[in-house]
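The values are calculated or read from the model by the stated rules, or taken from the named source; none is laboratory data. Here the structure is a predicted model, which is why all the values come from computation and not from measurement. Don't worry about glycine lacking a Cβ; one is built from the backbone with ideal geometry, like all the others, and counts go over all protein chains shown. All accessible areas refer to the heavy atoms of the entire protein, side chains included, with ligands and DNA or RNA removed. Shrake-Rupley method; radii C 1.70, N 1.55, O 1.52, S 1.80 Å.
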Amino acid sequence: MLMLDGMTFHLETYGCQMNVHDSMVIEGVLRRRGLRSADGLGDAQVIILNTCSIREKAEEKVFGRLGELASLKERGNLTVLGVSGCMAQRTAERVLERAPAVDFVTGTETFPTIPRLLERILAGERPIVDVSTGHPLPEPAERSLDVNGFRAFVSIMRGCDKRCAFCVVPTTRGPERSRKPDEVVAEVRALAAAGVIEVTLLGQTVNSYRDGATGFAELLRAVDAVEGIERIRFTTNHPNDMTEQVLDAVASCPKVCEHLHLPAQSGSTRVLAAMGRGYTREKYLRVIESSRAWMPHVSLTTDIIVGFPGETEEEFRDTLSLVEEVRYDGAYTFKYSPREGTPAASLPDSVPVPVMKERLARLNERVRALSDEVNRGLVGSEQGVMIEALDVDGPWAVRGRTRTNKTLLLERAPGPVGSVHRVRVSRTRGLTLYGVPVPEPVV
Ligand code: SAH
Ligand code: F3S
């Protein structure tokens, strides 16, 4: 409709890669309806925050931001302020209560209808809440690509059925639903035709993907066959679904990168049981062993929570020893944050905040030292590197990424953004690798 034509929007994304993906879809529907990106915040007529609920801090950040934006609304250009995503889904009423400047709240399934909400608001209706569920999966009819246009996220499933005791995702994103494999492959083909060469398949537990006879292994093989795609990544995985079939597919599909993100959460079998993770420390370590048997140079990353209710010093040390044993390439570490409505929120024996902080610091110290060591072991090795940016500050101005998802800096670009080259790792600093292109063989 004409009313929306020419309006300017600004979109801010919080949280995980699924939210980044969803923001690209929102951007796509807005552009299709004639809206365009604002030059800056002050120029935006529509501002949307795509939000995250995973920890309390994530929600507090959004409330802080909404406070700032409310004053912008009083002073300037801003006509419509909207909130979408997990936090909207979880606590729409609280959002409106604490941030009365908000005009609409839309959930994790309804965001593709934002243009319709905008029309209603411009016609005088406000505030509008639509966090209804049970809709078809909100996948892109059209989407925006990232700045370079050669990488894209593809959502292959939504929701989660695992119900880990600490996690709000099953509430905010609903039950697990896999997309049709043909639809996924068609989307990847369309992306390839638009110039995309790297896709990341997304889901809360991608490796439990299933549609009839097609499991995640079969889907990987089908995506691997799409012409024009050079790299395939996927995240995140559940250790229990990392079957031999999936590992076989990851190892044998040439485009699928040898990197597994395998959230452990804890190294203590007692804590894992309390978390409802469905595996023991020993079972988790067997999955790691299997992964390395299929791919000796696989890069392994993880998520860890410290201070789950009742976690003792000894149980925390089990987590430290797990980290030592696996020797992760990297880990995302979190202090436990109680989430209303989750089973863990009513558990006794909460770990005092200073103890959590101290454990997190010790864990981070070990994680960093080990990734450092792992990376130093790569000096002298050759890596396939995709060029991502040519204008990083300083003499190492070219940034690339290895198949194992590590940042590698070069002094000079061996080719344009999006091209792939053999690079010899010359040194490392912290998590960053530095390298020199290996001369291409003359034919
Ligand atoms: N499948 C999801 C994982 C959930 S969120 C994904 O796509 O990444 C990512 C990580 O946040 C989890 O693996 C867990 O380590 C952490 N997390 C989830 N709930 C949490 C909580 N209540 N407190 C602290 N960390 C949490
Ligand atoms: Fe959350 Fe566990 Fe699912 S961490 S997203 S409930 S696998």
* To do: Would you point out the residue of segment 393-426, among those that are in contact with a Leu (Cβ under 6 Å, 6 or more places away or on another chain) and assigned to a loop (DSSP other than H, G, I, E, B), that is surrounded by the most Cβ atoms within 10 Å (Cβ to Cβ)?
  => 406
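Rundown of residues vs (1) touching a residue at least 24 places away in the same chain (Cβ under 8 Å); (2) over 21 Å from residue 130 (Cβ atoms); (3) in contact with a Gly (Cβ under 6 Å, 6 or more places away or on another chain); (4) not in a helix (DSSP H, G or I), yes/no style:
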| site | (1), (2), (3), (4) |
| --- | --- |
| 60 | no, yes, no, no |
| 63 | yes, no, no, no |
| 67 | yes, yes, no, no |
| 72 | yes, yes, no, no |
| 94 | no, no, no, no |
| 97 | no, no, no, no |
| 114 | yes, no, no, no |
* Asked: List pairs: first in segment 332-346 and assigned to a loop (DSSP other than H, G, I, E, B), second more than 6 Å from ligand 1 (Cβ to nearest atom) and open to solvent by 70 Å² or more (accessible area, probe 1.4 Å), Cβ under 8 Å, 6+ apart or cross-chain?
  -> 337/56; 337/57; 338/56; 338/350; 339/56; 341/171; 342/171
* Name the pairs: first residue in segment 224-240 and at positive phi, second residue open to solvent by 30 Å² or more (accessible area, probe 1.4 Å), Cβ to Cβ under 9 Å, at least 6 apart or on different chains? -> 228/189; 228/193; 228/195
* Can you confirm whether segment 331-352 contains a residue that is over 30 Å from residue 53 (Cα atoms), touching a helix residue (DSSP H, G or I) at 6+ places or on another chain (Cβ under 9 Å) and open to solvent by less than 60 Å² (accessible area, probe 1.4 Å)? => no
* In segment 24-59, what residues are within 15 Å of ligand 1 (Cβ to nearest atom) and surrounded by fewer than 22 Cβ atoms within 10 Å (Cβ to Cβ)? -> 54, 55, 56, 57, 58
* Structure fact -> Counting only residues that are within 16 Å of ligand 1 (Cβ to nearest atom) and either in contact (Cβ under 8 Å) with a residue 60 or more places away in the chain or more than 13 Å from residue 363 (Cα to Cα) (or both), segment 305-328 contains a total of 6
